[in-house]
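FYI, it's all coordinate maths here, none of it is from the lab. Quick caveat, the model's predicted, so the values are computed rather than measured. Please note: Cβ atoms are built from the backbone with ideal geometry, for glycine as well, and neighbour counts cover all protein chains shown.
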Amino acid sequence: MGHSPFTPKTPPAGEGPRPLATPREVSVYLQKPVKTLAQWRYLGIGPAYTRQGRDVRYDWEDVFAWVRGTRIDTGDTDPAA
């Protein structure tokens, strides 16, 4: 069974680190428009990124860490309390 070209994949053992992601790949993963990622970069929010010349790339681990950092745990609170 194949993978979507925009699904982050863990490389098999010994094949090295996961390749850096393009803004398009991250936008598909986060279900946000590419323009939103550009606006987040301008505002200094969103996942960490690198710039290689004019190209923007994201390390998947930074994207995953950012998603974990935005998690809101509602816990088991009793709304009637």
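Tabulated values for the structure
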| quantity | calculated |
| --- | --- |
| Charge dipole (region 23-68, unit charges on Cβ, about Cα centre) - positive-most of Val28, Ala38, Tyr58 | Ala38 |
| Residue-span extension gain [Thr22 to Thr70] - 0.36 nm each, minus C-alpha spacing | 15.2 nm |
| Proportion of all alpha-carbon pairs of region 23-68 beyond 12 Å (%) | 59 |
| Amide hydrogen neighbours beyond the local backbone of Val56, cut-off 5 Å, H modeled | none |
| In order through region 35-46: 3J(HN,Hα) via Karplus (6.51 cos²θ - 1.76 cosθ + 1.60), integer Hz, x for Gly, Pro | 4, 5, 4, 4, 5, 4, 4, 4, 7, x, 10, x |
| Table column - 3J(HN,Hα) (Hz), region 47-63, Karplus curve with 6.51, -1.76, 1.60, x for Gly and Pro | x, 4, 9, 10, 10, 10, x, 8, 8, 9, 9, 10, 7, 4, 4, 5, 5 |
